[in-house]
1. Scan segment 293-319 and report the pairs whose first residue is touching a residue at least 60 places away in the same chain (Cβ under 8 Å) and more than 19 Å from Ser133 (Cβ to Cβ) and whose second residue is surrounded by 15 or more Cβ atoms within 10 Å (Cβ to Cβ) and of a type in the set (D, E, K, R), with Cβ atoms within less than 6 Å and a gap of 6+ or a chain change.
2. With Ala233, Ala291, Ala205, Ala286 as the choices, which residue is closer than 24 Å to Leu386 by Cα and surrounded by fewer than 15 Cβ atoms within 10 Å (Cβ to Cβ)?
3. Within the bounds of segment 162-173, is there any residue that is modelled with pLDDT of 85 or more and open to solvent by 20 Å² or more (accessible area, probe 1.4 Å)?
4. Could you please find all residues in segment 82-102 being in contact with a Ser or Thr (Cβ under 8 Å, 6 or more places away or on another chain) and either in a helix (DSSP H, G or I) or at pLDDT 85 or above (or both)?
5. Could you tell me which residue of segment 353-372 is most open to solvent (accessible area, probe 1.4 Å), considering only residues that are at pLDDT below 80 and either of a type in the set (D, E, K, R) or closer than 30 Å to Ala505 by Cβ (or both)?
6. Any residue that is modelled with pLDDT under 90, surrounded by 22 or more Cβ atoms within 10 Å (Cβ to Cβ) and out of contact with any Phe, Trp or Tyr (no Cβ under 7 Å at 6 or more places or on another chain) - is there at least one of those in segment 301-322?
7. Can you name every residue in segment 486-523 that is more than 14 Å from Trp441 (Cα to Cα), assigned to a helix (DSSP H, G or I) and not aromatic (Phe, Trp, Tyr)?
8. Which one is most open to solvent (accessible area, probe 1.4 Å), of the residues in segment 502-524 that are closer than 13 Å to Gly436 by Cα and in contact (Cβ under 8 Å) with a residue 24 or more places away in the chain?
Amino acid sequence: MAAPHPAPGGPNGRPNGGRGRGRHALRREVGLAGLLWASVGAIIGSGWLFGAEKAVRAAGPAAMLSWGVGAVAIVLLALVHAELGGLFPVAGGTARYPHYAFGGFVGMSFGWFTWLQAATIAPIEVQAMIGYSQHWTWASGLQHHKDQTLTAAGFVVAAALLAIFAAINFLGVKWLAHTNSAATWWKVAVPVVTMVVFGLKEFHASNFHSQGFAPFGARGVLSAISTSGVIFALLGFEQAIQWAGESRNPRRDIPRAVLGSVLIGSLIYLMLQVVFIGALPPDTFAAGWGALDYHGISGPFAGLAALIGLGWLATVLYIDAVVSPAGTGLIYITSSSRISYGLSRNGYAPQALQATDRRAVPWLGLVVAWAAGVLCFLPFPSWQRLVSFITSAVVLMYAGAPLAFGVLRRRFPDLERSYRLPAGGLVSPLSFVIAGLVIYWSGWDTLWRLGASILIGYLLLGGYAAWARAKGLPQAPRMDFRAGQWLPVYLLGMGLISWQGQFGAGATGNLPLWWDLGVVAGFSLAVYYWALAVALPAEEIERNVADVEVLDAGGH
């Protein structure tokens, strides 16, 4: 098969990194360290502060298995993303890969999934900052103590914190990368110190079996993956891909940054779970893991540090409870502006979102990200109300990459790749199945809300695309409904299986445990190969890639 035609820019048809003089060009100023820390900084956020406590409540000591399964799932998805990120190093890449392979309808859909998760993660990190700040008297009036929802004063503070995140972005991507690198060193150092100190100070090996290793069985282990913060904590590796348009050497650095961040994050979280279980005084879970309780449990690691006589570490952890979520929120408000930039480039959103200031920052995208984040505080005024929703949205976004991977491997098997995934023909469908299972484990009460949000996206982006085509605008996208015929079936089918399955409030339970997993796996594989069969031909993919590369090189 022929490789995509070279577009204006770098060698092998690669974009020249936005070095053109166009008004919409992004600057390539970020090296490997900046990309790696962008992803690590996104992975280590509010999840580490209480993911271990939530998981052990749901699964007991078998929560270690939940982290292991979650890490395998994320690694499989990251491997697929690593090849795609090196192959097409473009800004907002996660939103663009399905567009290349399936055209307008699928690209618009996955673009919305991508933007939705990025725009809602910054608000949840702000919620975490405010929640943990309740330890200090001056911040005690920012949340209602009964349900941890924002008060009127808390809403104002939350909006102001999001505004600060956006303001930092206006200083430019190079300054932002340096700022995030400094914050990430702190964010990595604190959990590592916590692991070492907890392990040396207090470790009860009997905690791992005194109440049974897996008191809630397989259901507890699986549900913890999606609903107790396991997958949520491990999310974020794709941030290096979102910054691809600003990387100095994207084809070399993006695969390294993606895989490196996943390995670092997975190791940190698994060890945190081990030391958390081992450090607990046995009387804190004497009534069972589901009844785990101690003074200060609202801030699990900080409260436990104080409980076992590590007051100095508790103070550090309360400070980190502000720094870590702030760093993650900063990264995601950055990414949401880059994703809206990519959506606009593909013609799904107004061209005004491509406007950059003198520092090459997509300023209108930042304003939109801030406004969307503030709106999230209204229907989701607490961390707990938002976390499961975000998990399902992110994994649905990730599910587009294996599909695009499979299509590009079939259509362009000989195209030069900076990283070629070994056994990609096996890993790709397997990662799509894993994504389907993680979505299913989120539960029916989460997935029906996600479905409503998807409909809102179709009204917004689909409405703009229809208007653009009616006006004959040159950027109006081609919908390519035939290539995307499988997507509505997949979305509705996953909803139906979830409704009939075992997870989440409102599920009927008609599908027995294990049979339900087989149904999800079989359905996912059928959709995977159906999608590959109806994907765009090579010539259409070439055109989609060339169109985007011309735009990213500064063209109009």
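The values are calculated or read from the model by the stated rules, or taken from the named source; none is laboratory data. Model, not experiment: these values are computed from the prediction. Cβ atoms come from the backbone with ideal geometry, glycine included; neighbour counts cover every protein chain shown. Side chains are part of the model used for accessible areas, which takes the heavy atoms of the whole protein and leaves out ligands, DNA and RNA. Shrake-Rupley method; radii C 1.70, N 1.55, O 1.52, S 1.80 Å.
1. Hits for this filter: Ile308/Glu202.
2. On the way: Ala233 fails: surrounded by fewer than 15 Cβ atoms within 10 Å (Cβ to Cβ); Ala205 fails: closer than 24 Å to Leu386 by Cα; Ala286 fails: closer than 24 Å to Leu386 by Cα.
It is Ala291.
3. yes
4. Narrowing segment 82-102 to residues in contact with a Ser or Thr (Cβ under 8 Å, 6 or more places away or on another chain): 86-87, 89, 92, 94-95, 98.
Of everything in segment 82-102, those that are in contact with a Ser or Thr (Cβ under 8 Å, 6 or more places away or on another chain) and either in a helix (DSSP H, G or I) or at pLDDT 85 or above (or both) turn out to be Gly86, Leu87, Thr94, Ala95, Pro98.
5. As a first pass, look at segment 353-372 and keep what is at pLDDT below 80: 353-363.
Adding the requirement that they be either of a type in the set (D, E, K, R) or closer than 30 Å to Ala505 by Cβ (or both) leaves 357-359.
Details: Asp357: 46, Arg358: 178, Arg359: 86 Å².
Among those that are at pLDDT below 80 and either of a type in the set (D, E, K, R) or closer than 30 Å to Ala505 by Cβ (or both), it is Arg358.
6. Yes.
7. Leu487, Pro488, Val489, Leu491, Leu492, Gly493, Gly522 - these are the residues of segment 486-523 that are more than 14 Å from Trp441 (Cα to Cα), assigned to a helix (DSSP H, G or I) and not aromatic (Phe, Trp, Tyr).
8. Residues of segment 502-524 that are closer than 13 Å to Gly436 by Cα, as a first pass: 516-524.
Next cut, in contact (Cβ under 8 Å) with a residue 24 or more places away in the chain only: 516-517, 520-521, 523-524.
Numbers: Asp516: 0, Leu517: 22, Val520: 0, Ala521: 27, Phe523: 47, Ser524: 0 Å².
Taking the candidates together, the pick is Phe523.
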